[in-house]
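Following: one structure in structure tokens, then a few remarks.
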Amino acid sequence: MAERIGFIGLGIMGRGMAANILRAGFPLTVWNRTPGRADELVAAGAQLASSPADLAARSDIVISCVSDTPDVEAVLFGPQGAIEGARAGMLMIDMSTISPQGAQQCASRLSERGIGFLDAPVSGGSEGAARGTLSIMVGGPSELVERAMPVFQAMGKTITHVGGHGAGQTVKLVNQILVVGTMLAISEALVFAQASGVDLEKTLAAVSGGAAGSWMLSNRGPQVIRRDWRPGFTIDLQQKDLRLVLAAADAVGAPMLATSTVFHLYRTLQAAGLGHEGNHALIKALERLAGIEVGQPQNNS
């Protein structure tokens, strides 16, 4: 019989992930700070819990997908947190992006109660969450990864056990370094293409299949040239991840030249009230420096 799943956090990523768990046939209970976000899932057959503690009492595996380390601590260990409804033998999986140290501390606190823990952050944007094609990076004991594999397979296509507790979060930070560095390069390239007067769609078609190709280029490049800033992942959330990257890199002495540059460029966009836009709106910071708007005809008179 399928294990009962509890899912906490129905934001941009969580809603699609939870829907795929339900679609795969798992009994599902959900909780979100804004209960209205659960309406579609409840209509599709999920149960709605009154609190994370209530959710844990109805579940065998509890999954959290929230914004930041303090949010994870609140839903797991705060008043009416999941731990209050938990019992020995349960498994808790955090699929948020938090600090590696935060993941290790969660694992330690839960193990004192006989509860297993995995840190399993994801990549693939809201598209991957909706389609069930996420990349999932998992830290924790192999026997717990094996137990969780059926539910991971409902949400993701590439599931990699990368090491012990905290390793999932470290690898997610590696992912974010690559994402923002790639987006910075895409932004520079498209500003250059616009300034040079070449056809932007043909330019993307020409370079996407070669050595410069990437998921970010194929998925976010077309959005940029259409001036479509709907988020697969917001600037505010990306910036939170970059704070984690810079702190973790500082702790191990790794230089972060491009990543720190992107962090400061995003800060200027947040100051302009654009934190809710997609992380590909990074290009707006370069456009402001250049006085060029990509995707729009330039007046050179």
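The values are calculated or read from the model by the stated rules, or taken from the named source; none is laboratory data. Just so you know, these numbers come straight off a predicted model, no measurement behind them. Virtual Cβ from ideal backbone geometry, glycine too; neighbours counted across all protein chains shown. Remember, those area values only see protein heavy atoms, side chains included, never the ligands or the DNA or RNA. Shrake-Rupley method; radii C 1.70, N 1.55, O 1.52, S 1.80 Å.
The sum of -39500 (n - 2.57) across all DSSP H runs of n ≥ 4, divided by the residue count of the chain, sets its helix-only mean residue ellipticity at 222 nm to -16000 deg cm²/dmol.
Solvent-accessible area assigned to carbon and sulfur over the chain amounts to 54 percent, based on a 1.4 Å probe. Counting charges near R4 (Lys, Arg +1; Asp, Glu -1) among other residues having Cβ under 9 Å from its Cβ returns a value of -1. Would you be so kind as to identify all helices of the chain, as entire DSSP H runs, whose Cα atoms reach 24 Å or more along the helix's own axis and whose mean Kyte-Doolittle hydropathy is at least 1.0? TM-like helix candidates: 167-196. A simple count of charges around G156, restricted to other residues whose Cβ falls under 14 Å of its Cβ and scoring Lys, Arg +1 and Asp, Glu -1, yields +3.
Take the Cα of E146, step 7 Å toward its Cβ, do the same at K240, and the gap between the two points is 3.4 nm.
Ranked highest first by the average count of other Cβ atoms within 10 Å around their residues, in what order do 190-202, 120-132, 139-151 fall? Spell out each step's value before the answer.
On the way: 190-202: 14.7, 120-132: 21.8, 139-151: 17.5.
Highest-to-lowest ranking by the protection proxy: 120-132, 139-151, 190-202.
Values [x] 1.10; [y] 1.06; [z] 0.95 are given for comparison; Cα Rg over 2.2 N^0.38 Å, derived from the coordinates here, is the one labelled [y]. FRET efficiency for the pair R267 and A57, taken as 1/(1 + (r/R0)^6) with r the Cβ-Cβ distance and R0 = 45 Å, rounds to 0.60.
As a calculated quantity, the FRET efficiency between S208 and H276 at R0 = 25 Å, using C-beta atoms, amounts to about 0.35.
Shown is the FRET efficiency for A290 and D250, computed with R0 = 45 Å from the Cβ-Cβ distance and rounded to the nearest 0.05: 0.90. Accessible surface area normalised per residue over the chain is 44 Å², counting heavy atoms of protein chains with a 1.4 Å rolling probe. Indicate the gyration tensor shape class of the stretch 1-95 (rounded, prolate or oblate), computed on the Cα atoms with a ≥ b ≥ c the square roots of the eigenvalues: a/c under 1.5 is rounded; otherwise a/b larger than b/c is prolate and the rest oblate. Oblate is the answer for the stretch 1-95, as a/c is 1.5 or above yet b/c matches or exceeds a/b.
Compute the length gained on full extension between F77 and D199: take 0.36 nm times their separation in residues and subtract their Cα-Cα distance, giving the result in nm to one decimal. Mind showing how you got there, number by number?
Values: separation 122, 0.36 × 122 = 43.92 nm, distance 5.36 nm.
The F77-D199 span can extend by a further 38.6 nm.
Each peptide among 104-112, 85-93 gets the average number of other Cβ atoms lying within 10 Å of its residues, and from highest to lowest they stand as 85-93, 104-112. Cross-link reach is defined here as a Cα-Cα straight distance under 28 Å, omitting same-chain residues fewer than 8 places apart; for K202 the lysines meeting it are K284.
Where does each of 273-285, 237-249 land if you order them by average Cβ count within 10 Å, highest first? Provide the component values of the computation, followed by the final result.
Details: 273-285: 21.1, 237-249: 18.9.
For the peptides 273-285, 237-249, the packing ranking is 273-285, 237-249.
Local charge for I235 was computed over the other residues whose Cβ lies under 11 Å away, with Lys and Arg +1 and Asp and Glu -1, and equals 0.
In whole Å, what is the distance between the alpha-carbon centres of the stretch 182-199 and the stretch 1-77? Between the Cα centre of the stretch 182-199 and that of the stretch 1-77, the gap is 41 Å.
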